[in-house]
Amino acid sequence: VLALLNGYYIVRNEPRLAGSVSRLSVFLVAVVSASACARLLSFASWPVEVIPLLSICMLLAVAYNQVLATITAFTICAIVTLSATLDLSHFIVLMSTAATAVIPLSSVSSRSKIVVVGLYAAATYFCVSMGLDIIESQSLTEVFDDWTPFVHSLRGAGMCLVASFLVAGTLPFVEKAFDVVTDMSLLELSDPSHPLLQELVRRAPGTYNHSITVGSIAEAAAEKIGANGLLVRVGAYF
C-alpha cells in the first residue's frame with residue numbers, strides 16, 4: 001500500500017522524477033538502501049538507525065521538496081519499525097525526528113544550515129524519547145533513578161548530529177547523483193567572482209550591469225508569484 005501511495009504521488013506531482021529513468025532509479029536505490037541499513041542498524045545497542053533515515057530525508061528535502069521527503073520518511077519509519085518488530089514509541093521518535101529535520105529545509109543557502117537543522121533534530125529526538133520513557137514508566141522517580149533512558153536519548157541526539165554532518169559533506173556528490181541543482185550551487189554561480197561573469201565584466205561592462213539589474217527585477221517578480229527567485233536571478237545573469 002505504501003509503495004502504491006508513493007508511486008501515485010510521484011507520478012502526479014513529481015514529473016522530473018517520474019519522467020527520468022536515471023533519477024527514478026537513483027531515488028529507489030537510495031530509499032531501499034536507507035531502509036535496509038536502518039533495519040540492520042536497529043538491532044545495535046546504540047540508536048544508529050537514525051543516521052540513514054535522517055540522511056535520505058534531508059537529501060530528498062534539499063534535492064526535491066519537503067513533501068516527498070516526509071512521505072519517504074514515513075515509509076522508511078514504518079518499514080523499519082515493522083520489520084525489526086519494534087514498538088510504536090520507536091516509530092514516533094523516528095518520525096518526529098525526521099519531520100523536524102525536513103520542515104526547515106525549504107531552502108538551503110549554506111551547509112551550516114544543514115548542521116543547524118541537525119541540532120533541531122537532535123533536540124527533538126532527545127525530548128520525544130525522554131517524554132515517551134516518562135509516559136511508559138508512569139513515574140518520574142523511576143526515570144531519575146535509572147539513567148539508561150537518558151543515556152539512550154543522548155546517544156540518539158548525537159547520531160542526529162552525525163547524520164547532518166554527513167549530509168553537509170556529501171551534498172555536492174548527491175547533486176550529481178540525483179542530477180539536480182540546489183540553492184548552494186546557484187549561490188556559487190551568482191558569485192561575481194565567477195570566471196564567466198568576470199569575463200563579461202572585462203568584455204562588456206554595460207551588458208554585465210544590465211544583466212545584474214534584470215536579475216534583481218526578475219528575482220523580485222518571481223518571488224511575488226511563488227517561483228524560485230534565486231534560479232531566475234542566476235538565469236538572468238548568464
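The values are calculated or read from the model by the stated rules, or taken from the named source; none is laboratory data. Since the model is a prediction, treat every value here as computed from it, not as a measurement. Heads up, the Cβs are rebuilt from the backbone with ideal geometry, glycines too, and the neighbour counts pull from every protein chain shown. Just so you know, the surface numbers come from the protein's heavy atoms only, side chains and all, with ligands and any DNA or RNA stripped out. Shrake-Rupley method; radii C 1.70, N 1.55, O 1.52, S 1.80 Å.
So which pairs qualify, if the first residue must be in region 11-31 and among the hydroxyl-bearing types (Ser, Thr, Tyr), the second must be outside any helix (DSSP H, G or I) and open to solvent by 40 Å² or more (accessible area, probe 1.4 Å), the Cβ gap must be under 8 Å, and the two must be at least 6 apart or on different chains?
20/179; 22/179
Only residues that are out of contact with any helix residue (DSSP H, G or I) (no Cβ under 9 Å at 6 or more places or on another chain) and charged (D, E, K, R): list them for region 203-238, please.
203, 224
Within region 65-119, track down each residue that is under 29 Å from residue 227 (Cβ atoms) and of a type in the set (S, T, N, Q).
65, 66, 70, 72, 100, 106, 107, 109, 110, 112 - these are the residues of region 65-119 that are under 29 Å from residue 227 (Cβ atoms) and of a type in the set (S, T, N, Q).
Counting just the residues of region 187-217 that are of a type in the set (Asp, Glu) and in a helix (DSSP H, G or I), which one comes out most open to solvent (accessible area, probe 1.4 Å)? Walk me through it before giving the result.
Here is the first cut: in region 187-217, the residues of a type in the set (Asp, Glu) are 188, 191, 199.
Of the ones still in play, those that are also in a helix (DSSP H, G or I) are 188, 199.
Details: 188: 113, 199: 57 Å².
In this case the residue turns out to be 188.
Of the conditions (1) over 24 Å from residue 17 (Cβ atoms); (2) touching a residue at least 40 places away in the same chain (Cβ under 8 Å); (3) among the aromatic types (Phe, Trp, Tyr), residue 126 clears all except one; give me its number.
(2)
Taking only region 218-238 into account, find how many residues are among the aromatic types (Phe, Trp, Tyr) and open to solvent by 70 Å² or more (accessible area, probe 1.4 Å). Even if it seems obvious, please write down each step before you answer.
Going through region 218-238, the residues among the aromatic types (Phe, Trp, Tyr) turn out to be 237-238.
With the extra rule that they be open to solvent by 70 Å² or more (accessible area, probe 1.4 Å), the set shrinks to 238.
Counting residues in region 218-238 that are among the aromatic types (Phe, Trp, Tyr) and open to solvent by 70 Å² or more (accessible area, probe 1.4 Å) gives 1.
Could you name every one of the helices (runs of 4 or more DSSP H) located completely within region 1-100 that has at least 2 residues being surrounded by fewer than 21 Cβ atoms within 10 Å (Cβ to Cβ)? Break it down into steps so the answer makes sense when it comes.
Values: elements: 2-13, 15-18, 21-41, 50-63, 66-83.
Helices (runs of 4 or more DSSP H) meeting the threshold: 2-13, 15-18, 21-41, 66-83.
So residue 113 fits all but one of (1) over 30 Å from residue 218 (Cβ atoms); (2) under 19 Å from the mean Cα position of the chain (by Cα); what number is the exception?
Unmet for residue 113, out of (1) over 30 Å from residue 218 (Cβ atoms); (2) under 19 Å from the mean Cα position of the chain (by Cα): (1).
Return yes when residue 168 is in contact with a helix residue (DSSP H, G or I) (Cβ under 8 Å, 6 or more places away or on another chain), under 30 Å from residue 229 (Cβ atoms), modelled with pLDDT of 90 or more and assigned to a helix (DSSP H, G or I) and no when it is not.
Answer is no for this residue.
Can you pull out the residues in region 151-169 that are open to solvent by 20 Å² or more (accessible area, probe 1.4 Å), within 20 Å of the chain's Cα centre (by Cα) and touching a residue at least 60 places away in the same chain (Cβ under 8 Å)? Can you show your working first?
Quick first cut of region 151-169, residues open to solvent by 20 Å² or more (accessible area, probe 1.4 Å) only: 151-152, 154-155, 158-159, 161-162, 165-166, 169.
Checking which are within 20 Å of the chain's Cα centre (by Cα) leaves us with 158-159, 161-162, 165-166, 169.
The answer is 159, 162, 166.
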